[in-house]
1. Give just the number: which of (1) at pLDDT below 95; (2) crowded, with 19+ Cβ neighbours inside 10 Å; (3) not basic (K, R) does A181 not satisfy?
2. Just to check your reading of the model, which residue among I263, I206 is in a helix (DSSP H, G or I) and either under 24 Å from V74 (Cβ atoms) or in contact with a strand residue (DSSP E or B) (Cβ under 6 Å, 6 or more places away or on another chain) (or both)?
3. Can you say whether S218 is farther than 25 Å from T118 by Cβ and either free of Cβ contacts under 8 Å to residues at least 60 places away in the same chain or in contact with a Phe, Trp or Tyr (Cβ under 7 Å, 6 or more places away or on another chain) (or both), as far as the supplied structure shows?
4. Residues that are over 27 Å from A143 (Cβ atoms), at least 1 per element: which helices (runs of 4 or more DSSP H) completely within the stretch 4-106 meet that?
5. Give me the residue from the stretch 139-153 that is free of Cβ contacts under 8 Å to residues at least 24 places away in the same chain and more than 20 Å from the chain's Cα centre (by Cα) and, out of that set, surrounded by the fewest Cβ atoms within 10 Å (Cβ to Cβ).
6. Return yes when L161 is in the same structural domain as R36 (by TED's automatic domain parsing) and either in contact with a Leu (Cβ under 6 Å, 6 or more places away or on another chain) or assigned to a helix (DSSP H, G or I) (or both) and no when it is not.
Amino acid sequence: MRVLVFGAGAVGSVLAAMLSSGSEVDVAVRRDRASRIAKDGITIVGAMERTVRPGTVPRGRYDVIFIATKAYDVAAAADAVAPYADEGTAIVSLQNGMRHLDLLSERFGDRAVLAPTTMGAARAGPETVRLAAIGTTVVGSPAGGGERAAAVAALLNSAGLKSEVSEDIASEVWMKAVVNACINPLAALAGVPNGRLLERKALLSIAEGACSEAVGASEACGIVLPYRDAFARVKWVIGSTRDNRCSMLQDLEAGRRTEIDEINGELVRKGESAGVPMDINRSLWTMVRAAEGRGLSSKCGGST
């Protein structure tokens, strides 16, 4: 099977490394990284130890294309991968947030497959990634096409990436957004690993308030979350990833743009559009953008 991983950050690098054992894998990265990968390969350490040298020049048609970019780059990535896909290609998105849910469905129809993951991985060097936990990847088609999603899940499972198929992937995407909205901005602003949120009552109280708002937004939008007690799920994720420095914290520390617009920002837009007060999530959105050096302009209001 021919596989293209578009964007080899932490998660994309793990995908490329693990899928290389049974598939022909290429990665699409910037030119400077392509030369380093061609020379030194991609190395995974931690829960798995492996070095691979995937191709770095996308060519021809692929059976599966994984879009593993940051959430704010999905639209550009969708344009970039289109020449390498045909009607039989599965276009798989692993992004945080929710904007990609509608974007990829509209662009690729039943070829779009969403795959929210709890994989814990972080850069440990230029082309080295530390894999803390393989986690679970939930796979589903927003258009309801189960066969394509099942094939992607089988591919991931065969490579050692625990995966399961969901018949309601929109609910899973929302749930991951709710969890991320409660953990990532607080850990990023406090500059702490996830587990510290359980130890600091003030932070945990804010997380609970953000969760309550997000659940209200999901209900107003007709989404039934897969966990009845959403905050219990949030606390479970915090505990199971207690040593992780979340991607939003890593982005702030590196001076990069975060995915706050696509996580809390999107929840605010959807919630406020449905008449749900989203004051805590809006405050977290505002503060993270301020920490990045980006203000929250009037164009970022709930009606846009």
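The values are calculated or read from the model by the stated rules, or taken from the named source; none is laboratory data. Since we're looking at a predicted model, the values are computed, not measured. Glycine also receives a Cβ, built like all others from the backbone with ideal geometry; neighbour counts cover every protein chain displayed.
1. (1)
2. I263
3. Answer is no for this residue.
4. Those helices (runs of 4 or more DSSP H) span 10-19, 31-40.
5. Once the filter is applied, the top-ranked residue is E147.
6. It is false that L161 is in the same structural domain as R36 (by TED's automatic domain parsing) and either in contact with a Leu (Cβ under 6 Å, 6 or more places away or on another chain) or assigned to a helix (DSSP H, G or I) (or both).
Yes/no per residue for (1) modelled with pLDDT under 90; (2) assigned by TED's automatic domain parsing to the domain that holds G125; (3) within 26 Å of N281 (Cβ to Cβ):
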site: R59; (1), (2), (3): no, yes, no
site: V74; (1), (2), (3): no, yes, yes
site: D79; (1), (2), (3): no, yes, no
site: R99; (1), (2), (3): yes, yes, yes
site: G109; (1), (2), (3): no, yes, no
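Residues checked against (1) of a type in the set (G, A, S); (2) over 26 Å from T128 (Cβ atoms); (3) surrounded by fewer than 21 Cβ atoms within 10 Å (Cβ to Cβ):
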site	(1), (2), (3)
E49	no, no, yes
G55	yes, no, yes
G88	yes, yes, yes
R107	no, yes, yes
